Amino acid sequence: MAMALVRLVSGPTAYDRVLAVNMFGTKMVLLIAAIGFLTGRPDFLDIALAYAIINFIGGVAFMKFIRYWTRAETVRK
């Protein structure tokens, strides 16, 4: 997880930062699911699934935003 945070801060492009956030989110989903399995609480698995869906939708939305933003900058130049 520390490597993802380092990549988030030092990523040379916005795409590297989005990839780091996505990787961090995926690791958090795995951590929440593992904690739910080890403690015998199946509701944690539901929370992990909801977090995974939010992570996916957020990543796609941010990539669309970056795509639109870079296209608008190209048109302005």
Q. Helix by helix, which DSSP H runs in the chain go 18 Å or more along their axis at the Cα atoms and have an average Kyte-Doolittle hydropathy of 0.5 or more?
A. 14-39, 43-76
Q. Which of the following values of volume of the Cα convex hull per residue in Å³ was calculated from the structure shown: [x] 285; [y] 73; [z] 64?
A. [z]
Q | Charge context of N22, other residues only, Cβ under 12 angstrom, K/R +1, D/E -1 | A | +2
Q | Inter-probe distance in nm under a simple model that places probes 7 Å from Cα toward Cβ, at L38 and M3 | A | 2.0 nm
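Treating the beta-carbon of each Lys and Arg as +1 and of each Asp and Glu as -1, no other charges, what is the dipole magnitude of the chain about its Cα centre, to the nearest 20 debye? Let's see the in-between values first.
Working: 9 positive and 4 negative charges, 92 e Å.
The calculated dipole for the chain is roughly 440 debye.
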Q.
How far apart, in nanometres, would the label points at L30 and L45 be if each is projected 7 angstrom from Cα along the Cα-to-Cβ direction?
A. 1.8 nm
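Every number here is computed from the coordinates shown, using simple stated rules; none is lab data. What you see is a predicted model, and the numbers here were worked out from it, not measured in a lab. FYI the Cβ positions are ideal-geometry reconstructions off the backbone, even for glycines, and counts take in every protein chain you see.
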